[in-house]
Structures are given as structure tokens and as C-alpha cells.
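To keep things clear, I will list the structure first and then write my remarks on it.
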Amino acid sequence: MEPINPYYPIPVKIKEIIPETPNITTFILDGKPFDFEAGQFAELTIPSVGEAPFTPSSSPYDDHMEFTIMKVGRVTDALFNMKEGDLVGVRGPFGKPYPLQNFKGKEVFIVGGGVGFAPLRSLFLALLHDLKNYKKVYIRYGARTPQDIVYKRLIPEWQKIDRVDLLMTVDVGDESWKGRVGVVTVILDKIPVDVKTSPSVVCGPPLMMKFSTQRLVEVGFKHENIYLSMEKNMSCGVGKCNHCRVGKFYVCKDGPVLTWQDVKDIEEPFL
Amino acid sequence: MKSYLLSPDKILTFVKELSRDGSLYYPMFEEGRTHLVRFDDAHEFKPDFAKIRTAENIKQFFFPSRDTVAKFPKDDVRQVDKRYLFGVKNCDLRGVDIHDRVFMGWEPVDPFYKERRDKTIMISADCPEPEDSCFCNLLGLNPYGDAVCDLNFTELPAGLLFESYTKRGEEIIDAYKGMFTEVKNDDEKARKSIREKAITKLSKINSKPFKKDLPARVEAADKARIRDARDECVECHACLHACPTCYCFLLSDYKKGKDIERVRIWDTCYYAAYARVGGGANPRSRIDERFWNRFQCKFDFFNKYENTLACSGCGRCLLGCSAKIDIREILWNL
């Protein structure tokens, strides 16, 4: 059989656009171009502009695919100008997913920052799908301001779920904000899980990942149990173009989920 | 291994025959450099098999500097013609070996590379006169093709003495067996002597071997954050574009009529934006980090991944360097 073209993006229409924050929006695609597992990523093509890597934020069990994306550069600027019904392209799934088999029967401790909640939402929804398999799911989420919190429309429902413990903080509050104030590590002061056995998952901007991981290491999580979503410049997605290499890994192929054990010897692994 | 001799009067006929089957490229010396040129009946066939590798590396044949890899929204199939590379050198074969691993060694196989590789027959030639820039011996390579190629030949006064390394090579010998004559003991002795001379010359040029634990030394230097920053580097990227083992590329999209063409372009890790992500974080924002990344990639990372060094010792990087930085000196001093 002839090898398929790994560089060809599958055309798919944008079905719905849901603004989450002033600069973060969820794009719901009309269907699911391919199956994926939580943590695997895709390359999203904006026709005639280019493509960039994103991890789906929807459940792997859904019949459609969603991406929650922050407007940061050329490709995302163009995406934010698109309308419902416009055509985009998707390639994937790429890389290794979160190893859910290692999470079974355990307390799962998830730490997210900003738009880093996107891949974590996919993970969270995958965990919810089989919640009985896990002892409890903890989410600790930090955003810059109350306005910058993603999934505000969904979080109250998630907080009602038994065996889900979701806490939030904002760097800077306002009159409406009654919760914790400070960077995400302020809600990592008390970690009510068995750190010796529990897996933790971190995704967010580089500094947030650095300090959250430091905290998790400090309280005793095993290095191989700290799962990090590595953000690198993935161009090909298939371990060939070399852009995302860090240490001895092609992040696109060996990651994007790597453990602290994998990356701790790398100077500034989150940069 | 069985050898086959093609007498000097048959070389042109043999080349002509092959060129009817597919376009054939051979090395021609011109204005101080050797280039791979396409054989055609209308021009005089003036090969130079004795000179070192051509000025341009041969990765262009399998992994062009600019290559359309997809069309959107509807993709189409692109055809590649059969080709012969006649008289390429072993350092360039090492480059192909490295690219074989990247593009075909792990899933998914790159269909564009594979098709070109499948349709290109590689006939290498001995490299009897290594020059000062050559250091294939430091990478454990011989100055003659002994793997990766389909056929290799040694140029002797009695003609071209071939050996076959693949089934494809055997098939070529078989298809043109009427052209080959019996090999004499003296021919094999002459080949041995040419090779020994070349190896001796290489060991004089590079008398100091790389340390056996070179990858570990590169890793240790990296951990100690010792980066030979080389202020002289002007970031011209010649070393990387000239390198037969470098395989970095970038996918870029261009509008063509109503459609989009996705083009694969050679990239190099010395560009400041090479590893920068959308959010702005850049793991190698400083030139010393990027300069060192090249060494780490070739001599540590690739070794961990594939158990081989991603360098061929072809010397193009040091000849092409605007600042005259010699990669050997950096590696010797580790």
C-alpha cells in the first residue's frame, strides 16, 4: 500500500464559534475528521495563511471536534477573522496521549493556567466519561483576571459533580470576584491527594508550568507522575522537521505529553 | 564479493544506456569545483570521478529545497521520474542514510522522500584523493561506497571496477552483462592500493580521532552549559544548508489560484525564530544556544535516537563557513 500523505489537511467547516474571553475562543468543527485520545494534538490549517499545532479541547468521545484557541499570532489572527461555515484543514492526531491507564483507581490532580485549560478540558471530559474508574479528579485553575477564565459557561456544572474538586484563582480580581487571588500556586498551598501515588497533569504558559511543577515536586509527587503538556513549535507533527526537538525528544512524536522525569535535565524545558 | 570490470571504451555506452532508462547525473569538474550535471547526448561526457564530493550535496535529489507536498482542499498525485546518480561519494551516501532513517525509518513514512528514493539508483565512486576539508575517516566512513549505494565503482586504468550492494545493483549488472569483462587479480590489487592510499591520506589530514565518547562529551558540555559560542559566527547558515545530513524543514502555505499549495522548504536551526512558539516563548533565543544546538543535534540527540552520528565528514560546512569555523576543532576540543 502506498503511504498516505501526512502533510495533507482534511478539509472541514467551522460549525460554531463561541467566544470564551476577550482573546480566547472555542471553534467547534462540523464533525470529527479523525479519532484522537486526550492529549494528542492536531495541526489546524487556515487556508492560505498556514497552520499551527493545537490540542483539541473536546471529549475524544464526542462526534465533533473543538479547539479553544488564544489569539497570539499570524495564524490565530486569521482564524479569529473566520466565520461559521468557513473551511479549515486539520491534520492529526499526533503524538502520545495522556496515559489514562496509569490514572485508574487514583486521584488525578490537574493544574491549568490560562488557555492551558483547553487540552485539560479534553482530558477532564475523558475522565468524566469513565469517572467510576478514578478515585477523584482535582482541578486547580488560574487565569489572569475573572474575564480571562475560559469555560465560564461550563465550570459551575462541573463543580457540582461528585468526585470532582475544582478550585480557581485569578492573578488580579475585580468587584465581582469572590474567590482566591494570586497566581495558580496560591491554590496549590494545600494538596489533598496522596502525592506518593497520584498522577498530576500540568498545562499552561511557561512560567506557570515552571512554578507549578516546582511546587508539585516539592510536595512529593513522583517525577514520573508529573505529566506536562509541552508547547513547542511543531511544524510537521510527525517527527521529521526537527522544529520541536527538545533534549532527546521530538515533542510532536514522543510528546506532547512528557513527564518531569523526561525533561528535568533540560535547561528551561518550558521555554 | 564479486567484481565487474567496465573497460574505458565502454563507459560512455554504459552511461548512454542507463540515461535512456532515466535521467543520469555525473560529476563534472568546472572552474575549480565539481558539480553533478545531467548527462545528455548533445554535450561532451567529461566526468571527473577522482575529485572529492560535488560542491552541492545530493539531498536535493530526495528532499528538494522547495517541494510541494500537498494541495488543499483537494490533493493530487505527483510523479517522479527514474534517476541515476553516477559517481557520488560515500560522505553523501551517509547523508542519505541519515535521511532514510528520518523519512522512512519511523512512522509515518514520508511518501515524497520514499518515491524519490525508490526511483533513484545510486552508483557511487571511490574517492581516491581526499582533500584537507575531508574528515569522513573521523566518522568511521571509508573513502568508497560500501553501503546505501546500489553499485560502487573504482576508477582504474583498466576501466571502472564495480561491486554491487543491492538487488537493484545486481539487476543492472545483469541487464548489461555483455558490457563487462573478466576481472583480473591485478585489477583488484590496483583497487586495494588506491583505497589504502586514500585511507592513509585521510589519516594524515585528520591524524587525531574524535574521542570515543564524543556524544557523552557533547551531552556533558550541554549540561554544563558550555557552549562554544563562536563570536565569529555571522549566522549565514551556509554550514546547515550545505550539510548533507541536516533535515530540518518548514511547511509553508501559498495561494495558487483557488487552491492552496503546501510547500516544504529547507529550514535551519540557526534562525532565531526557528523554535519560537506562537505565544512568544523561545527555547533558543540566543545565538550561542542555536550554535550549540547544531552540535547537540548531530552528535548527541541523533546518536541517542538512532545510534549514529548525523555527520558525514564531507567538510562542506567548514569550506562554506564565512567565518572559517572548523567543526573538527570544536569536536576535538570537547
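The values are calculated or read from the model by the stated rules, or taken from the named source; none is laboratory data. Treat the numbers as computed from the prediction; the structure is a model and nothing was measured. With ideal geometry, Cβ positions are generated from the backbone for all residues, glycine too; neighbour counts draw on all protein chains shown. Protein only, heavy atoms only, side chains kept; ligands, DNA and RNA dropped before computing areas. Shrake-Rupley method; radii C 1.70, N 1.55, O 1.52, S 1.80 Å.
For A:Y141, work out the one condition from (1) open to solvent by 10 Å² or more (accessible area, probe 1.4 Å); (2) assigned to a strand (DSSP E or B) it doesn't fulfil.
(1)
Restricting to the stretch A:12-40, give me the number of residues that are open to solvent by 40 Å² or more (accessible area, probe 1.4 Å), within 14 Å of chain B (Cβ to nearest Cβ) and within 22 Å of A:K152 (Cα to Cα).
Result for the stretch A:12-40: 1.
Is it fair to say A:V72 is within 25 Å of A:L258 (Cα to Cα), buried (at least 22 other Cβ atoms within 10 Å of the Cβ) and within 13 Å of another protein chain (Cβ to nearest Cβ)?
no
With the checklist (1) under 22 Å from the mean Cα position of the chain (by Cα); (2) open to solvent by 50 Å² or more (accessible area, probe 1.4 Å); (3) not β-branched (V, I, T) in hand, flag the one item B:A310 doesn't pass.
So the condition that B:A310 fails would be (2).
Just a yes or no: is a residue in the stretch B:286-300 open to solvent by 10 Å² or more (accessible area, probe 1.4 Å), facing chain A (nearest Cβ under 10 Å), over 23 Å from B:P215 (Cβ atoms) and out of contact with any strand residue (DSSP E or B) (no Cβ under 6 Å at 6 or more places or on another chain)?
The answer is no, given that none of the residues of the stretch B:286-300 is open to solvent by 10 Å² or more (accessible area, probe 1.4 Å), facing chain A (nearest Cβ under 10 Å), over 23 Å from B:P215 (Cβ atoms) and out of contact with any strand residue (DSSP E or B) (no Cβ under 6 Å at 6 or more places or on another chain).
Report yes if some residue within the stretch A:60-67 is under 19 Å from A:P33 (Cβ atoms), among the hydrophobic types (A, V, I, L, M, F, W, C) and within 14 Å of chain B (Cβ to nearest Cβ); otherwise report no.
yes
So, of the residues in the stretch B:231-254 that are touching an Asp or Glu at 6+ places or on another chain (Cβ under 8 Å) and either assigned to a loop (DSSP other than H, G, I, E, B) or free of Cβ contacts under 8 Å to residues at least 60 places away in the same chain (or both), which turns out to be farthest from the other protein chains (Cβ to nearest Cβ)?
Top of the filtered list is B:P244.
Looking for something more than 13 Å from chain A (Cβ to nearest Cβ), acidic (D, E) and part of a loop (DSSP other than H, G, I, E, B) - is there at least one such residue anywhere in the stretch B:313-334?
Checked against the condition, which is being more than 13 Å from chain A (Cβ to nearest Cβ), acidic (D, E) and part of a loop (DSSP other than H, G, I, E, B), the stretch B:313-334 yields at least one hit.
Residue-wise test of (1) within 14 Å of another protein chain (Cβ to nearest Cβ); (2) of a type outside the set (D, E).
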{"position": "A:W177", "(1), (2)": "no, yes"}
{"position": "A:I191", "(1), (2)": "no, yes"}
{"position": "A:T197", "(1), (2)": "no, yes"}
{"position": "A:S200", "(1), (2)": "no, yes"}
{"position": "A:K210", "(1), (2)": "yes, yes"}
{"position": "A:R215", "(1), (2)": "no, yes"}
{"position": "A:E218", "(1), (2)": "no, no"}
{"position": "A:K240", "(1), (2)": "yes, yes"}
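Every residue in the stretch A:41-51 that is open to solvent by 20 Å² or more (accessible area, probe 1.4 Å) and either out of contact with any Lys or Arg (no Cβ under 7 Å at 6 or more places or on another chain) or β-branched (V, I, T) (or both), please.
A:P47, A:V49, A:E51, listed by residue number.
Six or more apart or on different chains, Cβ atoms under 6 Å: show the pairs whose first residue is in the stretch B:203-227 and away from chain A (no Cβ under 14 Å) and whose second is open to solvent by 90 Å² or more (accessible area, probe 1.4 Å).
Close Cβ pairs satisfying both conditions: B:I205/B:D132.
Tell me yes or no: at least one residue of the stretch B:261-269 is of a type outside the set (K, R) and within 9 Å of chain A (Cβ to nearest Cβ).
Yes - at least one qualifying residue is present in the stretch B:261-269.
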